[in-house]
1. Condition test on LEU165, is it among the hydrophobic types (A, V, I, L, M, F, W, C), closer than 29 Å to SER312 by Cα, touching a helix residue (DSSP H, G or I) at 6+ places or on another chain (Cβ under 7 Å) and assigned to a loop (DSSP other than H, G, I, E, B)?
2. Please determine whether any residue of region 44-61 is within 22 Å of HIS337 (Cα to Cα), in contact with a Pro (Cβ under 8 Å, 6 or more places away or on another chain) and either of a type in the set (Lys, Arg) or in the same structural domain as VAL453 (by TED's automatic domain parsing) (or both).
3. Does region 388-403 hold any residues that are out of contact with any Gly (no Cβ under 9 Å at 6 or more places or on another chain) and closer than 17 Å to VAL427 by Cβ, and which are they?
4. Mind listing just one residue for me: the one in region 47-73 that is hydroxyl-bearing (Ser, Thr, Tyr) and modelled with pLDDT of 95 or more and, of those, surrounded by the fewest Cβ atoms within 10 Å (Cβ to Cβ)?
5. Check whether at least one residue in region 199-210 is of a type outside the set (Ser, Thr, Tyr), farther than 20 Å from LYS71 by Cα and either in the same structural domain as GLY67 (by TED's automatic domain parsing) or loosely packed, with under 15 Cβ neighbours inside 10 Å (or both), and report yes or no.
6. Taking the options PHE116, PHE92, PHE104, name whichever one is under 24 Å from LEU22 (Cα atoms), touching a Leu at 6+ places or on another chain (Cβ under 7 Å), in contact (Cβ under 8 Å) with a residue 60 or more places away in the chain and among the aromatic types (Phe, Trp, Tyr).
7. From GLU141, GLU177, GLU185, grab the single residue that is crowded, with 20+ Cβ neighbours inside 10 Å and in contact with a strand residue (DSSP E or B) (Cβ under 9 Å, 6 or more places away or on another chain).
Amino acid sequence: MSEELSKSLEDMLARIDNGERLAFYECERFIESIPLFTEKHSVEQTRDFLEYLGSPDKKMKIIHVAGTNGKGSVCNYLSEILRQAGFSVGMFTSPHLIRINERFALNGKSIEDNIFCEIFGDLLVKVRDYHPDRYVPTYFEFLFFMAMLLYEKYPVDYVVLETGLGGRLDATNSIHEPILSVITEIGLDHMQYLGNTISEIAAEKAGIIKENVPVVFINKRQQSTEVIEKRAEQLGTKIYAVEPGFVRDVKIAPDDAGNICIDFSYESKYDKYCGLRVQTVAKFQLENAAIAIMCARALNDMGINIADEDISFGLKKAKWGGRMELILPGIYVDGAHNVDGMEAFLESVCNVPCNGKRHLLFGAVADKQYHLMIRQILKSGLFDHVSVSVLDTGRSVSESQLKSAIQSETENLEEETNIRFSFYTSVRDALMDIITDRKSEDVVFVAGSLYLVGQVRESLGIMS
């Protein structure tokens, strides 16, 4: 622990001991001062500290969700289905778009600042008593432990728990035994940490599978399916495979209020549902909805009563910020931040009616495959104007790197492109120029990073 962080810890603990209440900004500032990518602890070390906290996870019914793309959406869909069935639900997801307490949901709402500060203080005392020379949680570990203390202090029927990065070595994998494991689409992302092939990455994600705990996954890529099925067989785990063909009769249409939605049917060997609806223009969300439906089937097989109408109303009600989200008339934001996500985003752009020009605001962080995402954008030919911005984070790709990548990918195109590019060092400046220049029939899209989505929402004053 750095000297500055240690002093901050001591000062806050002294105030807590004196009965003072910490302010939200102080708690957030302390957490944000923990380096994001310090050397993480082993799962065993994390579990040791979790046990020191009293193993709060053992008192919870946890649904553990891993994968490359769609984790947050699946968590959200499943949480809404469970809530429609009459259960109370806690949901821990990452990252946040604007405010850090977005990561902690109680029955569909982010926790209040005072609860955040309360749980933060509880954990800080535990870290002190465990002795900071022995163990100081990393950034994500700290948030995970807060979630465990939160849902112990404010009990819920079910906790939907999203992994951070990976699965096998993820801090969340220190929990002892979930009731259900879920693995969403697996693609090439975080390769510097997880491996260079789909099979290697799938092995890390499949590390959340526990003995005799059913697992739901999507059978989309043979390489990942083989790894997951082999791991499940070794552990005697029942599998529920979601086949892409389960989703049928897809129709994009406006609802009574004029919002574009997707109607579809779902048919597996277990269930058949017609007339389902999700509030989005993004077809990729249908796979995530299908995974949530299969989760409901697995839970039903455990004796947990989830009716057909709970699934229908839960999917229809669910909204997930930053995923092909219409935040203002004619402005869509999407958190696509890897090749698979960008492919799905570009497909969704085609579903949005546009009588004018399409404008894209793009930004990315340096540890993503931004070169390949730029290539996809150029090849799509969907946009007339692309504004490229540096993000307000130390992880951002620099302006010179962005310019170099665009020049390189443009030169490698087989056909000449007519896309006009503009470059910015501020997301807010880029956004203001776009809004000023756009005509009423134009449509603006934002993609490349969830950091970018959060900064756009914040610039527009859209906090939730």
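The values are calculated or read from the model by the stated rules, or taken from the named source; none is laboratory data. Quick caveat, the model's predicted, so the values are computed rather than measured. Note that we place each Cβ from the backbone using ideal geometry, even for glycine, and neighbour counts take in every protein chain shown.
1. No, not satisfied.
2. Start the filter on region 44-61 by keeping residues that are within 22 Å of HIS337 (Cα to Cα), which leaves none.
Within region 44-61, none of the residues are within 22 Å of HIS337 (Cα to Cα), in contact with a Pro (Cβ under 8 Å, 6 or more places away or on another chain) and either of a type in the set (Lys, Arg) or in the same structural domain as VAL453 (by TED's automatic domain parsing) (or both).
3. Selection gives ASP392, THR393, GLY394, ARG395, SER398, GLU399, GLN401, LYS403.
4. We begin by selecting, within region 47-73, every residue hydroxyl-bearing (Ser, Thr, Tyr); these are 52, 55, 68, 73.
Subsequent filtering for residues that are modelled with pLDDT of 95 or more retains 52, 55.
Values: TYR52: 14, SER55: 16.
Among those residues, the one meeting the criterion is TYR52.
5. No - not one qualifying residue is present in region 199-210.
6. Numbers: PHE116 fails: touching a Leu at 6+ places or on another chain (Cβ under 7 Å); PHE104 fails: in contact (Cβ under 8 Å) with a residue 60 or more places away in the chain.
On inspection, the qualifying residue turns out to be PHE92.
7. Details: GLU141 fails: in contact with a strand residue (DSSP E or B) (Cβ under 9 Å, 6 or more places away or on another chain); GLU177 fails: crowded, with 20+ Cβ neighbours inside 10 Å.
One residue alone meets the criteria, GLU185.
Conditions (1) of a type in the set (Ser, Thr, Tyr); (2) more than 30 Å from ARG221 (Cα to Cα); (3) within 16 Å of the chain's Cα centre (by Cα); (4) assigned by TED's automatic domain parsing to the domain that holds TYR451, marked per residue:
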residue: SER73; (1), (2), (3), (4): yes, no, yes, no
residue: GLY90; (1), (2), (3), (4): no, yes, yes, no
residue: ILE98; (1), (2), (3), (4): no, yes, yes, no
residue: ALA105; (1), (2), (3), (4): no, yes, yes, no
residue: ASN114; (1), (2), (3), (4): no, yes, no, no
